[in-house]
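Inspection log for the structure reproduced underneath, given as structure tokens.
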Amino acid sequence: MNKSRKEIMQNVFLTYLPADKFKTSVLSAHLVTPLKKETASANALLPAVLRRGTMRCPDMESLSAAMDTLYGAQIDYTVRKKGERQCIGFVASVIDDAFAPAGEKLLEPVADLLGELFLDPVTHNGRFLAEYVESEKQNLIDAIRAISNDKQDLADVRLMQEMCAGEPYGVLRLGDEESVARINHHKLFNHYRELLPSSRMELFYCGSAKRERVEGALRRAFSALPRGVVTDGEPIRRIAAPQEPRYLTEEMDVTQGKLSMGWRCDTNDVPAMIMANLIFGGTSNAKLFLNVREKLSLCYYASSSYARSKGIMTVSSGIETGDFQQAHDEILRQLELVKQGQWEEWELQGVLATMCSSLTSLSDSQGALENYYLGQTAIGVEETPEELKELLRRVTPERIQKAAQSCHLDTVFFLKGKEAGAC
Amino acid sequence: MLTNYDRIGEVTRWETLPNGLPVCIVPKKGFQRKYALFATRYGGMDMKFQLDGQWLDTPAGIAHYLEHKMFDTAEGNALQELAKNGAEPNAFTSNAITCYYFSSTEKFYENLKILLSFVSVPYFTEESVEKEQGIIGQEIGMIEDNPEWQCYKQLMQGLYHHSPARTPIAGSVESIRQITAQTLYDCHKAFYTPANMCLVVVGDVDGDEVLRLAEEVLPETSGPLIPRDYGEEEPLEPCQKESHSRMEIAMPSFLAGFKCPPQHGGEAQARSIALGELAIDVLAGESSPLYAQLYSQGLINGSFGCSYDVLPGAAYVYLGGDSNDPHAVVQAVLDEAQRLVREGINPAYYLRLRNANFGTALKALNSFEGIAVSMAEGKFHDYDPYRFPEIYDSITADDVLDFIRDNLAEERCAISIIDPLANTEKE
């Protein structure tokens, strides 16, 4: 795939990926903003409010009608956390022109709709409709509360909040309930007016249309985008783990306990750290899966992930409350083995093959490509899946060991079930 | 047999091996991934069946348990074998089928051989069966903490009087204790036989090589298709109109189900699925007037959804999500159903929705998993999933109205609600 990225207007970048093997085209537009406690909630609320209506399609029914007419085009608003950036905007997907039963052109109307959602929201007396803002505030509050419905998500979120308290990375993707409650339609509109000119915009297209046509459609759709001085945010700061790891426990009425652990990885050798994480717990033939699950039957799942931009590795596992110590010790023991370079050649080759295969497969999914490239542009990395694969292949066992040794346990969070009979 | 589907730009090749196994190859030029799915028509609902002339009653959760244990081989574990080759293997058990699959970009044929071999050759010991209790016990614990799952289970138990659709696919910690190596061998013999299975491969592959490998690895002959028992036919009225329970959640979550007549396979079933989904979309889908109204009243949010599902001997429409007033939502749905029946559907609205559903079905063809599962299901129920453009053409607004009139009625409806625990404490 011949990916290209180009500045098509001031601080507006288009990542273009030609592909004619899909049934659909995917088009997305995002504002890349610094993740901050003060603005996270308003940022998260904004696309939901914009998605409620434009001047041309002022309510959900007329917006839905416009999209149904384009053969079920879908435009979803998204709020994503990429490193210490918050990316807000819309992802549109529409059937490829080749399959439009009457030979209609679908790219241009979808681009127009995207532009309208950003630039021409329905307003009254120069502000958003109070009704829309209030109802989306409630939805956002519900969504923030709903994080606790999935207990593993809750444990992982609580771990990040505690471990990165005071750092932008500790701010929740959706912001917090109290800040949402303080927003009103007037404040949100002012925020929107400030945000538009001061944010970098990232556009993405993957589909069968020619580059010039996509560029033309987007330039037209976003021609009214105001441009000012763009504030891209501070570079990400890395913080050292405390001398002694912190242990936190909370109790809930659940059958299964959720264990989340976080390490700070003090290394700049990102490819080696990616490999260390994979061997430790990144795939279904990693040490955590083979030992904590398969050998000791302690859990249904135990896996690790590594956030390269922030230099943090985390483990998530669902275990019996009484097995906390055993699972905790076993997880640490498995990491110790990686630090000591104790793995078989097949373990290394297996996780490398799995990782390379999933990087190769990226090109088969428009959604995955969109997410991959937005993540890259948000944190200022330009690396194709092919390039990353090459970097991983060149990593030596010594580098993996060294990267693993740079990991220091920072925080352990355990969400435990109430003891039987205690309630 | 090669079939071209010009309207959706797809091709399929179906062959039946001498041992009776149907094999489907869906070529996908330009894709890096190759995907293989090996499915058996055996799921959580198949607990009672006849083997070698005798009726067997097996414990709830056994199909899922068997799925876990199939990865064990005399040499070790197939999951790891596949992962070593960079493949991403997995499996799932639904009500009616069990599927094993992997996708890989390299060593595809080697991986396919591993897949075919571990699914067709069972290898259990009492010790290995015993050990799995811990892992599956944790899996059951995890899903029991999931409010959506609890809500669904409660809905099925409200809708059905005795159908095995009432029983959770994974069973319970108690029921899986009764599983032994011998019962697993019996179930494997009964259901993992070529005539009861289907192999689907999606991607840029050599179809002849796939067929050759399958013939080489799999048994030369098939066992018989055995009789199964899902109990006597269910009445169309639900077992219990309303069920409640409480969990640690932030706001109430609900599902309403409407019992529909069971389907019996063939293109009629494919048409029923398209019609049922279109009807519920016309009534309460994301672009319906009702959805917009309930959303703006704050009665539903983005979590709201609706669909139509067909199971062995059972079919139902369902809708739900998070809401502070589930009863008001269900009442509004029932009222809107009556209004539509009374006033008819706006023809422009109907066409728009039909186009949108066509677009959604077309989009689903980007997913190799989705294609493979629908091919296997189509084979097991004797319909062609790629005929959806023709099926959509054949559905009229009157068909949709008839469906709504017949099925979206109060007497067919059961409601399942999960309330937050916090409310009890306040009361």
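Hey, can you tell me all the residues within the range B:382-400 that are crowded, with 20+ Cβ neighbours inside 10 Å and either under 26 Å from B:Pro235 (Cβ atoms) or not assigned by TED's automatic domain parsing to the domain that holds B:Arg342 (or both)?
B:Val400 - this is the single residue of the range B:382-400 that is crowded, with 20+ Cβ neighbours inside 10 Å and either under 26 Å from B:Pro235 (Cβ atoms) or not assigned by TED's automatic domain parsing to the domain that holds B:Arg342 (or both).
Can you name every residue in the range A:146-191 that is surrounded by fewer than 16 Cβ atoms within 10 Å (Cβ to Cβ), aliphatic (A, V, I, L, M) and within 20 Å of A:Glu250 (Cα to Cα)?
Correct list: A:Ala165 only.
Exposed (fewer than 15 other Cβ atoms within 10 Å of the Cβ), within 23 Å of A:Lys105 (Cβ to Cβ) and of a type in the set (A, V, I, L, M): does that describe A:Ala224?
Values: exposed (fewer than 15 other Cβ atoms within 10 Å of the Cβ): yes; within 23 Å of A:Lys105 (Cβ to Cβ): yes; of a type in the set (A, V, I, L, M): yes.
It is true that A:Ala224 is exposed (fewer than 15 other Cβ atoms within 10 Å of the Cβ), within 23 Å of A:Lys105 (Cβ to Cβ) and of a type in the set (A, V, I, L, M).
What strands (runs of 3 or more DSSP E) lie completely within the range B:41-151 and have 2 or more residues being within 12 Å of another protein chain (Cβ to nearest Cβ) and touching a residue at least 12 places away in the same chain (Cβ under 8 Å)? Give the steps one after another, and end with the answer.
Details: elements: B:48-51, B:54-57, B:88-93, B:98-104.
It comes to B:88-93, B:98-104.
Can you tell me which of A:Ser297, A:Ser357, A:Ser303 is touching a helix residue (DSSP H, G or I) at 6+ places or on another chain (Cβ under 9 Å) and either modelled with pLDDT of 90 or more or buried (at least 20 other Cβ atoms within 10 Å of the Cβ) (or both)?
From the options A:Ser297, A:Ser357, A:Ser303, the qualifying one is A:Ser303.
Among the residues that make up the range A:314-330, is at least one of them within 15 Å of A:Ala403 (Cα to Cα) and in contact with a Cys (Cβ under 9 Å, 6 or more places away or on another chain)?
Looking through the range A:314-330, none of the residues is within 15 Å of A:Ala403 (Cα to Cα) and in contact with a Cys (Cβ under 9 Å, 6 or more places away or on another chain).
Give the residue that is surrounded by the fewest Cβ atoms within 10 Å (Cβ to Cβ), with candidates limited to residues of the range A:131-145 that are in contact with a helix residue (DSSP H, G or I) (Cβ under 8 Å, 6 or more places away or on another chain) and acidic (Asp, Glu).
Applying the filter and picking the extreme gives A:Glu131.
Among the candidates A:Arg220, A:Arg246, which residue alone is closer than 24 Å to A:Ile331 by Cα, at pLDDT 95 or above and of a type in the set (Lys, Arg)?
Testing whether each residue is closer than 24 Å to A:Ile331 by Cα, at pLDDT 95 or above and of a type in the set (Lys, Arg) leaves just A:Arg246.
Right, B:Ile169: assigned to a loop (DSSP other than H, G, I, E, B) and touching a Gly at 6+ places or on another chain (Cβ under 9 Å) or not?
Yes: the conditions hold for B:Ile169.
Is there any pair with a first residue in the range B:350-364 that is farther than 16 Å from B:Asp399 by Cα and within 7 Å of chain A (Cβ to nearest Cβ) and a second that is small (Gly, Ala, Ser) and crowded, with 22+ Cβ neighbours inside 10 Å whose Cβ atoms are under 6 Å apart and which are 6 or more apart or on different chains, and what are they?
Pairs that qualify, where the first residue is farther than 16 Å from B:Asp399 by Cα and within 7 Å of chain A (Cβ to nearest Cβ) and the partner is small (Gly, Ala, Ser) and crowded, with 22+ Cβ neighbours inside 10 Å, are B:Ala356/A:Gly72; B:Gly359/A:Gly72; B:Thr360/A:Gly72.
Pairs needed: first member in the range A:342-365, touching a residue at least 24 places away in the same chain (Cβ under 8 Å) and within 7 Å of chain B (Cβ to nearest Cβ); second member anywhere, assigned to a helix (DSSP H, G or I) and of a type outside the set (Ser, Thr, Tyr); C-beta distance under 6 Å; at least 6 residues apart or different chains.
That search, which allows pairs on different chains as well, returns A:Gly350/B:Ala83; A:Gly350/B:Lys84; A:Thr354/B:Ala83; A:Cys356/A:Lys389.
Among the residues of the range B:12-37, which ones are among the hydrophobic types (A, V, I, L, M, F, W, C) and over 24 Å from the mean Cα position of the chain (by Cα)?
Correct list: B:Leu17, B:Phe31.
Taking only the range A:297-322 into account, find how many residues are farther than 21 Å from A:Gly170 by Cα and out of contact with any Gly (no Cβ under 8 Å at 6 or more places or on another chain).
1
Could you tell me which of the residues B:Val310, B:Val373, B:Val317, B:Val341 is in contact with a strand residue (DSSP E or B) (Cβ under 9 Å, 6 or more places away or on another chain), closer than 27 Å to A:Met60 by Cβ and either within 13 Å of chain A (Cβ to nearest Cβ) or modelled with pLDDT of 95 or more (or both)? Working first, answer last.
Values: B:Val310 fails: closer than 27 Å to A:Met60 by Cβ; B:Val373 fails: closer than 27 Å to A:Met60 by Cβ; B:Val341 fails: in contact with a strand residue (DSSP E or B) (Cβ under 9 Å, 6 or more places away or on another chain).
Only one candidate qualifies: B:Val317.
When only residues in the range A:293-313 that are in contact with a Cys (Cβ under 6 Å, 6 or more places away or on another chain) and touching a residue at least 24 places away in the same chain (Cβ under 8 Å) count, which is nearest to the other protein chains (Cβ to nearest Cβ)?
Within the range A:293-313, the match that is nearest to the other protein chains (Cβ to nearest Cβ) is A:Met313.
Looking at this structure, is B:Asn4 modelled with pLDDT of 95 or more and among the polar types (S, T, N, Q)?
yes
Considering the range A:119-152 alone, what residues qualify as being within 11 Å of chain B (Cβ to nearest Cβ), of a type outside the set (Ser, Thr, Tyr) and more than 21 Å from A:Tyr77 (Cα to Cα)?
Filtering the range A:119-152 for residues within 11 Å of chain B (Cβ to nearest Cβ) gives A:129, A:131-132, A:134-152.
Keeping just the survivors that are of a type outside the set (Ser, Thr, Tyr) gives A:129, A:131, A:134, A:136-147, A:149-152.
Within the range A:119-152, A:Asn149, A:Asp150, A:Lys151, A:Gln152 meet the criteria.
Look at A:Glu178 and say whether it is among the acidic types (Asp, Glu) and either over 30 Å from A:Leu415 (Cα atoms) or under 20 Å from the mean Cα position of the chain (by Cα) (or both).
Working: among the acidic types (Asp, Glu): yes; either over 30 Å from A:Leu415 (Cα atoms) or under 20 Å from the mean Cα position of the chain (by Cα) (or both): no.
No; evaluated as a whole, the condition is false for this residue.
For the range A:269-286, how many residues meet the condition of being within 12 Å of chain B (Cβ to nearest Cβ) and of a type in the set (D, E, K, R)?
Qualifying residue count for the region: 0.
Does B:Ala292 satisfy the criteria of being in contact with an Asp or Glu (Cβ under 6 Å, 6 or more places away or on another chain), free of Cβ contacts under 8 Å to residues at least 24 places away in the same chain, of a type in the set (Gly, Ala, Ser) and within 11 Å of another protein chain (Cβ to nearest Cβ)?
yes
So which of B:Phe368, B:Phe380 ends up being in contact with a Lys or Arg (Cβ under 8 Å, 6 or more places away or on another chain), within 14 Å of chain A (Cβ to nearest Cβ) and of a type outside the set (Asp, Glu)?
B:Phe368
Filter the range A:263-277 for residues that are surrounded by 24 or more Cβ atoms within 10 Å (Cβ to Cβ) and within 20 Å of A:Asp329 (Cα to Cα) and give the result. Don't jump to the end; show me each part of the working.
Filtering the range A:263-277 for residues surrounded by 24 or more Cβ atoms within 10 Å (Cβ to Cβ) gives A:263, A:265, A:272-273, A:275-277.
The answer is A:Trp263, A:Cys265, A:Ala276, A:Asn277.
Across the range A:355-389, what is the number of residues that are under 18 Å from A:Val91 (Cβ atoms) and among the aliphatic types (A, V, I, L, M)?
5
Taking the stated definitions as given, is A:Arg237 within 12 Å of another protein chain (Cβ to nearest Cβ), in contact with a helix residue (DSSP H, G or I) (Cβ under 9 Å, 6 or more places away or on another chain) and surrounded by fewer than 22 Cβ atoms within 10 Å (Cβ to Cβ)?
It is false that A:Arg237 is within 12 Å of another protein chain (Cβ to nearest Cβ), in contact with a helix residue (DSSP H, G or I) (Cβ under 9 Å, 6 or more places away or on another chain) and surrounded by fewer than 22 Cβ atoms within 10 Å (Cβ to Cβ).
Do the conditions hold for A:Ala146, that is, is it under 25 Å from A:Leu70 (Cβ atoms), modelled with pLDDT under 95 and assigned by TED's automatic domain parsing to the domain that holds A:Leu50? Break it down stepwise before answering.
Working: under 25 Å from A:Leu70 (Cβ atoms): no; modelled with pLDDT under 95: yes; assigned by TED's automatic domain parsing to the domain that holds A:Leu50: yes.
No; evaluated as a whole, the condition is false for this residue.
Given the criteria basic (Lys, Arg), farther than 19 Å from B:Glu286 by Cβ and crowded, with 22+ Cβ neighbours inside 10 Å, does A:Arg85 qualify?
Values: basic (Lys, Arg): yes; farther than 19 Å from B:Glu286 by Cβ: yes; crowded, with 22+ Cβ neighbours inside 10 Å: yes.
It is true that A:Arg85 is basic (Lys, Arg), farther than 19 Å from B:Glu286 by Cβ and crowded, with 22+ Cβ neighbours inside 10 Å.
The values are calculated or read from the model by the stated rules, or taken from the named source; none is laboratory data. Values in this document were obtained by computation on a predicted structure and should not be read as measured data. Positions of Cβ are backbone-derived with ideal geometry, glycine not excepted, and every protein chain shown enters the neighbour counts.
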